[in-house]
Each structure stands twice: as C-alpha cells, then as structure tokens.
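Novice: Below are the structure tokens for one structure; questions will follow.
The values are calculated or read from the model by the stated rules, or taken from the named source; none is laboratory data. This one's a predicted model, so the numbers in the text were calculated from it and none came from an experiment. Here the Cβ positions follow ideal geometry from the backbone for every residue, glycine too, while neighbour counts run over all protein chains shown.
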DNA sequence: TTGTAAGCGTTATCAA
DNA sequence: TTGATAACGCTTACAA
C-alpha cells in the first residue's frame with residue numbers, strides 16, 4: 001500500500017512490432033503514414049498501437065529525422081494583448097498542421113532573448129518566430145540561428161534594415177499617419193506625440209507617419225512635445241507632466257500605445273481637462289481596455305489574427321519548399337491597419 | 001550567387017573531443033558539470049566549445065538521459081490576465097532552475113486538452129502544469145500521464161475530488177465569502193450572483209462562499225438570481241436581462257469574474273441605474289480593466305505571482321526527491337485571496 | 001581523472 | 001510491400 005511505483009517503461013515501436021509479428025520499420029512506416037504499407041497491415045498496426053497504448057517517442061524521432069515538428073516563438077511578453085492574440089492564432093493554425101509551439105518570453109531583455117534563441121536552437125525547433133525586444137539592435141544571435149539552418153520569421157518588432165529572415169510587420173507608417181491626420185481633420189493644431197525608443201522599427205515608423213501627416217497639413221512639429229521612452233504608465237506621466245508644464249499646451253495627443261493613451265486620459269482628468277473637448281487622444285493597438293474606459297479611446301487596430309495567419313502561411317510555405325527564392329522571402333510583408341474612432345476624439 | 005546553402009552540419013561532442021584531444025565522455029562531463037573533471041581540462045573544453053560555437057543537442061541528450069529539462073504547461077488561454085501572470089512567474093523561476101517551459105492553450109476545449117496532454121507526453125516533458133478547461137470532468141488523460149511517470153501539478157482549475165496529482169488552488173470559498181459579505185456589510189440585502197459552470201471547482205467554491213455569507217447574514221438566496229453559464233460578456237447580458245426583467249431587482253451583484261462585472265456595469269448604465277448607489281458590484285480576479293473602468297470595480301485579488309512561485313516550489317521539490325510521501329503531495333495547497341475595494345461598492 | 005563502448009527509440013537505406 | 005541494419009548525438013557504467 002501507498003507504494004511508490006517504479007516508472008513503467010514506456011513502450012516502444014519494437015514492442016508493437018513483436019506484438020504484431022511485423023518489423024519495427026513497418027510500424028514506423030505506419031506511424032508516418034508512408035505510402036508503401038498494405039491497408040490490412042496498417043489497420044492491424046493501428047489496432048495494436050491502440051491496444052498497447054503506445055505513444056511515439058518524439059525525442060527519438062527528432063534525433064533520427066532531424067525534425068521535431070515544434071516551432072519556437074519568442075515574444076516580449078504574452079500579457080500584451082496584441083501578442084496574446086497573435087500567438088493564439090498561430091498556435092491554433094500550427095496545431096492543424098501538426099506542429100507544436102514553444103512559447104518563450106524575453107521580458108524585453110536582450111540577454112534573455114539571446115539565451116532563448118540558444119535554448120530553442122538546442123531543442124532543435126524546426127523554425128523560430130520572433131518579435132524582438134524594444135532594444136534589440138544586434139541581430140547576430142538571430143543570424144547565427146539562421147546560419148544553423150533554422151528558418152526564422154520576425155513579426156511586429158522586426159530588424160531595422162536588411163535581413164535574410166522573413167518579415168511580417170504592421171503598416172506602422174500608415175498607422176502613425178492615420179492617427180495624426182485624424183486629429184488634424186477634427187481640428188487639432190497643436191499635437192504632441194509620445195512615441196517609443198527609436199531603436200525599434202515600430203516607433204521609427206509611427207513617427208514617420210506622424211511627420212508625414214504634420215507636413216501635409218503644414219503644421220509645426222514641436223520637439224519639446226516628442227518623447228521616445230519605453231511606453232509605460234510611469235513614463236507617460238513623466239512626459240505628460242513635462243508637456244503640460246510648458247507655456248503652451250497641446251490640443252491633441254498621439255500616443256503610440258494604449259497604455260500611454262489611458263495614462264493620458266487619467267492625467268487629463270486630474271488636470272481638469274475635458275477629453276475630447278480640451279484634448280483629443282489617439283492610442284495604438286486597440287487593447288480591450290481602450291474600449292471600456294470612459295471616454296473610450298480612438299485607436300489603431302492591428303488585426304492580430306490576420307497577422308498570425310500570415311505568419312503561419314509564410315512559415316509553412318518555407319518549411320515545405322526549402323529552396324524558396326531568397327529574394328522573395330526577403331521582402332517584408334506589410335499588414336494593413338485601421339483607425340477605430342471612439343469618444344476620445 | 002543567391003545559392004541556397006546546405007544546412008551546415010551542426011557540430012557535435014565528438015568534434016569537440018577531437019579538437020581537444022579528449023574523449024566524448026569528458027566533453028559530456030564538462031557539459032553536465034560532473035564533479036570528476038580536472039579544472040584545467042574543463043577550461044580547455046569550455047574554450048573549445050566557445051571557439052567552435054558548439055551547441056549541445058538536447059534532443060540527443062534527452063533521448064539518452066530521459067530528461068528533457070522541459071516542463072509542459074496547459075492553460076485555457078494565455079490572454080486571461082490571471083493566467084498570463086502566473087505563467088510569466090513560472091517561466092521566470094523555471095528559467096533560473098535551467099528548465100524550459102512549453103506553453104499550450106486548450107481554448108477551454110476538452111478534446112484539445114486531451115490532445116495536448118498526449119503531445120506533451122510524446123515530447124517527454126519532465127513534468128506538466130495544468131489549469132483545466134471549464135468542462136473537464138474526466139481526468140483519465142491526466143491520470144494516464146501520471147501513470148507514465150510524469151509529475152503533474154494542477155493549479156487554479158483543479159480536479160474536484162481526490163487526485164494523486166499535486167494541487168495548488170486559490171481560496172475560492174473565501175473569495176466568494178469576502179465578495180458577498182462585503183456587499184452585505186455595506187447594506188445590500190437583495191444579492192444576485194452570476195457564477196460559472198459548476199463542473200469547475202472555482203465556481204463550486206465561490207458559490208459555497210456566497211451561500212456561507214448569505215446564511216450568516218440570514219439573507220435569502222433567490223434561485224432566479226443565480227446563474228451558472230460560462231462567464232462571457234454575452235452570457236452576462238443574458239443573465240442580467242433575466243434578472244432585471246423580474247418583479248424585483250437586486251441591490252448587489254456578485255460576479256465571478258471581472259468580464260461579467262464589467263458587462264454588468266455597462267448594463268446598469270444602459271438601464272439608468274447608478275453604480276454604486278442603485279447597484280453595487282463585486283468582480284473577481286483583479287483584471288487590469290477593473291481598475292480603469294468608471295467606476296472602478298471592487299474585486300478579489302488572487303496574487304497570481306504568489307501562485308506561480310508556489311507551483312514551481314512544489315514542482316521542484318517533487319522533481320528533486322522523486323520518492324516524496326504520496327500523502328503529502330495529495331493535500332491541496334490553498335492560496336489566500338483578498339478583497340480590493342473600489343468605487344463600484 | 002579520463003577513456004571505451006553500449007545503448008536510448010526512432011528513421012533511412014538497402015536488400016529481399 | 002516488408003525486413004535488417006546502421007545511424008542520429010548524447011550519457012553512463014565500467015575499465016583503466
């Protein structure tokens with residue numbers, strides 16, 4: 001009683017072979033539904049597998065075949081709404097293709113990211129999907145991964161400049177443009193912009209879109225109303241304080257994420273400013289919070305599910321025909337975005 | 001030019017052995033920091049590993065040693081705030097212990113959950129951590145996993161009744177009690193309760209807490225104000241409509257998650273009811289949305305990070321001394337919860 | 001302290 | 001259509 005059982009030896013292909021009177025090779029063929037197996041044999045094997053409760057050892061299979069049917073994913077944090085959605089979509093589609101997904105979080109740390117790349121490499125994932133940290137400027141760990149023959153697709157936060165990896169990104173220039181020109185259209189003339197670190201393509205592009213819109217409207221960009229720190233609640237408050245301590249105050253704010261937009265809303269309330277009357281605010285990402293807050297926040301929708309679908313599509317194409325034209329894969333795919341107008345404007 | 005390179009043969013322990021003039025066994029010992037290796041030898045090997053850019057093949061290692069240093073995790077969905085937090089904590093601590101985490105989402109589907117268990121088993125994870133689906137009543141796939149020798153820890157959504165797995169759960173009875181008695185204390189007498197499917201321990205327990213508090217206050221529980229459907233926005237509206245179409249309306253609502261509480265807030269606004277004056281609402285989980293909505297929602301904090309820590313602690317203990325007393329591991333660990341009072345009450 | 005050699009459970013290459 | 005056999009890259013007795 002209450003004895004600790006020894007781990008029962010999990011059964012193998014050989015046991016199935018013996019039980020059916022076939023060879024291990026045939027069992028393996030059935031398992032991989034190889035074409036040259038007689039229907040009757042296949043049926044017999046499948047039944048025996050069921051009966052014995054046999055479970056293929058993917059470790060052994062992976063070692064021999066050099067295919068693990070596992071994809072690694074590196075993401076800053078799964079708690080970010082956009083990423084959670086993308087991941088879920090990826091995982092669901094990948095599952096249909098018979099692939100597993102190993103999800104890793106870098107926590108926006110470059111060192112962690114590097115470690116994770118090594119770890120994934122070391123478990124021999126068949127491919128890697130990555131959204132970089134805010135501060136990744138050295139892509140050599142990723143290059144090394146590719147050099148070892150692992151297909152790599154970047155999404156959302158992608159390398160600035162050339163890369164031989166596949167790239168799927170949102171249209172952040174357009175997003176920045178849409179947000180800004182919307183404010184201009186509804187009457188804003190003094191527009192502030194809280195952006196993120198310019199190491200990151202996201203903020204470079206959104207800023208570019210901002211400049212484009214301002215230029216077209218012939219509006220002046222005030223450097224003292226431009227910020228490039230990590231987009232946290234805390235940093236948002238610091239930036240807002242600085243803006244509103246100045247001699248003049250803005251009538252519009254482009255926030256490059258919804259966390260910042262939400263912080264701005266709160267700040268405005270504390271300052272006694274009415275939104276949208278005194279200050280109009282646009283966020284980015286369509287985080288669920290942006291919809292339920294009062295007033296609800298106008299924001300940029302990025303269609304995470306569409307992005308997830310595209311990522312898998314591109315990846316599967318690559319995994320299936322290894323010898324794809326490298327010119328083709330080096331052109332980034334740009335996914336459309338859209339402005340969702342709400343009560344903050 | 002534009003030639004596709006053949007995958008370079010990733011290097012092996014044997015190449016490191018040859019390069020250093022040592023045997024593969026010694027290289028392996030260095031890799032596993034085995035005690036019996038001369039310091040000088042170790043240093044030499046490490047340098048060569050660095051020089052060759054050698055990367056241990058964990059697939060091969062796992063096959064031989066029967067240890068993958070990978071833990072599998074099954075969760076309904078990573079987009080749920082509570083789970084995202086727990087997972088992040090688990091992953092960070094596990095990482096320090098040298099373990100990888102494979103995160104899988106069941107999407108609250110029992111079939112998917114079953115498949116995932118098989119998949120994890122098939123990649124030979126060293127252990128599994130799981131929060132069940134809303135509808136898991138048949139735990140035999142989990143039992144089978146354990147029977148194959150894989151340690152298993154359930155958290156949050158755990159089996160009702162006996163299990164030989166380790167169990168870490170929140171104090172949902174207390175949570176339900178706190179929410180309800182808080183409403184009573186501040187004057188509510190007609191309290192409705194939107195709970196979840198009673199297959200799930202969470203809602204069984206929260207309901208129990210609700211009954212306890214009502215009984216102590218000698219208040220009547222009205223069956224027509226009790227709901228047990230999955231806690232979605234849509235179901236919340238259906239329940240609320242039903243409640244408010246009745247002859248009498250409640251002055252307090254216990255919602256068993258924050259999504260429901262938020263939906264109730266919106267519903268009340270549409271009905272022209274003031275919160276908290278006309279209706280007081282308590283949610284569950286302290287989702288970030290509950291804080292930013294107007295009015296902010298009183299809710300039950302579950303301390304996901306503490307739960308994550310506990311999970312890893314228990315798991316590591318188990319992984320280290322395999323022969324732990326089975327009586328000990330079968331007592332569930334119950335984690336404290338707390339009421340966070342906000343403006344909705 | 002280090003080396004030799006036998007597997008771990010599959011799959012791939014022949015041959016039958 | 002099936003079977004024998006040699007890997008895959010590592011760990012681990014056992015020997016030295």
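Novice: Would you pick out the residues in segment B:30-47 that are part of a helix (DSSP H, G or I) and within 11 Å of DNA strand D (Cβ to nearest atom)?
Specialist: Across segment B:30-47, the qualifying residues are B:30, B:31.
Novice: Can you give me the number of residues within segment B:115-147 that are touching a helix residue (DSSP H, G or I) at 6+ places or on another chain (Cβ under 6 Å), surrounded by fewer than 21 Cβ atoms within 10 Å (Cβ to Cβ) and away from chain A (no Cβ under 13 Å)?
Specialist: 1
Novice: Now a separate question. Could you pull out the residue among B:46, B:52 that is surrounded by fewer than 18 Cβ atoms within 10 Å (Cβ to Cβ), more than 16 Å from DNA strand C (Cβ to nearest atom), more than 12 Å from every other protein chain (Cβ to nearest Cβ) and in contact (Cβ under 8 Å) with a residue 12 or more places away in the chain?
Specialist: B:52
Here's the yes/no breakdown for (1) touching a strand residue (DSSP E or B) at 6+ places or on another chain (Cβ under 8 Å); (2) more than 23 Å from residue A:83 (Cα to Cα):
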{"position": "A:104", "(1), (2)": "yes, no"}
{"position": "A:127", "(1), (2)": "yes, no"}
{"position": "A:154", "(1), (2)": "yes, no"}
{"position": "A:178", "(1), (2)": "yes, no"}
{"position": "A:190", "(1), (2)": "yes, yes"}
{"position": "A:215", "(1), (2)": "no, yes"}
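Novice: Can I ask one more? Those residues that are farther than 26 Å from residue B:103 by Cβ, within 14 Å of chain A (Cβ to nearest Cβ) and either crowded, with 22+ Cβ neighbours inside 10 Å or touching a helix residue (DSSP H, G or I) at 6+ places or on another chain (Cβ under 6 Å) (or both), I need them from segment B:293-323; list them, please.
Specialist: B:293, B:297
Novice: A further question follows. Scan segment B:16-25 residue by residue and report those that are part of a helix (DSSP H, G or I) and within 8 Å of DNA strand D (Cβ to nearest atom).
Specialist: Those that are part of a helix (DSSP H, G or I) and within 8 Å of DNA strand D (Cβ to nearest atom): B:16, B:24, B:25.
Novice: Return the residue satisfying two criteria in turn: it lies in segment A:55-68 and is touching a residue at least 24 places away in the same chain (Cβ under 8 Å) and either closer than 11 Å to residue B:60 by Cβ or within 12 Å of DNA strand D (Cβ to nearest atom) (or both), and of such residues it is farthest from the other protein chains (Cβ to nearest Cβ).
Specialist: Applying the filter and picking the extreme gives A:67.
Novice: Could you grab the pairs with beta carbons closer than 6 Å, sequence gap of 6+ or different chains, first residue in segment A:12-34 and within 14 Å of chain B (Cβ to nearest Cβ), second one within 7 Å of DNA strand D (Cβ to nearest atom)?
Specialist: A:13/A:24
Novice: Separate question: Can you report the number of residues in segment A:327-344 which are out of contact with any strand residue (DSSP E or B) (no Cβ under 6 Å at 6 or more places or on another chain) and at pLDDT below 95?
Specialist: 4
Novice: Follow-up question, since we're still on this one. Go through segment B:185-205 and count every residue that is outside any strand (DSSP E or B) and touching a residue at least 40 places away in the same chain (Cβ under 8 Å).
Specialist: 14
Novice: Only one of these conditions is not met by residue A:88: (1) within 9 Å of chain B (Cβ to nearest Cβ); (2) surrounded by fewer than 22 Cβ atoms within 10 Å (Cβ to Cβ); (3) within 16 Å of DNA strand C (Cβ to nearest atom). Which number is it?
Specialist: (3)
Novice: Restricting to segment A:94-114, name every residue that is surrounded by fewer than 18 Cβ atoms within 10 Å (Cβ to Cβ) and within 8 Å of chain B (Cβ to nearest Cβ).
Specialist: Within segment A:94-114, A:107 is the sole residue that qualifies.
Novice: Every residue in segment B:129-152 that is in contact with a strand residue (DSSP E or B) (Cβ under 8 Å, 6 or more places away or on another chain) and touching a residue at least 60 places away in the same chain (Cβ under 8 Å), please.
Specialist: B:129, B:132, B:151
Novice: Among B:312, B:254, which is in the same structural domain as residue B:130 (by TED's automatic domain parsing) and touching a residue at least 12 places away in the same chain (Cβ under 8 Å)?
Specialist: B:312
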